[in-house]
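The structure under discussion appears below in the form of structure tokens.
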Amino acid sequence: MVVVLVVVVEVVVMVVVIVVMVVAVVMVVVVVVVVVMVIVVMVVMVMIVVVVVMMVLVVVMLIYSCAINKIDLEYRFPI
């Protein structure tokens with residue numbers, strides 16, 4: 001009986017340890033996935049902001065270059 005009780009206790013302890021380890025691993029995986037998702041969302045938002053800023057800068061540069069080209073043409077080739 002004592003041997004049977006010791007074996008049962010060992011099996012129960014092993015099962016509990018395995019369950020705790022699995023739960024810990026799942027929790028770590030969930031935390032890592034959440035952190036990665038947050039980082040990806042932040043990177044995507046930053047990329048969108050950068051793309052919008054670059055588009056605005058390109059438009060402004062095009063407007064300025066057109067104005068400067070007109071001024072240069074008027075100065076270089078006075079009509």
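The values are calculated or read from the model by the stated rules, or taken from the named source; none is laboratory data. Since this is a predicted model, take the numbers as computed values, not measurements. Glycine gets a Cβ as well: all are built from the backbone with ideal geometry, and neighbour counts include every protein chain shown. With ligands, DNA and RNA removed, areas are computed over all heavy atoms of the protein, side chains included. Shrake-Rupley method; radii C 1.70, N 1.55, O 1.52, S 1.80 Å.
Of note:
- Cα-projected label distance for residue 4 with residue 39, points at 7 Å along beta-carbon direction, nm: 5.4
- Accessible area (Å², per residue) of the chain, counting only protein heavy atoms and a probe of 1.4 Å: 94
- If the segment from residue 15 to residue 48 were pulled out straight at 0.36 nm per residue, it would be longer than the present Cα-Cα gap by 7.0 nm.
- Accessible surface of the chain, 1.4 Å probe, proportion on carbon and sulfur as whole %: 90
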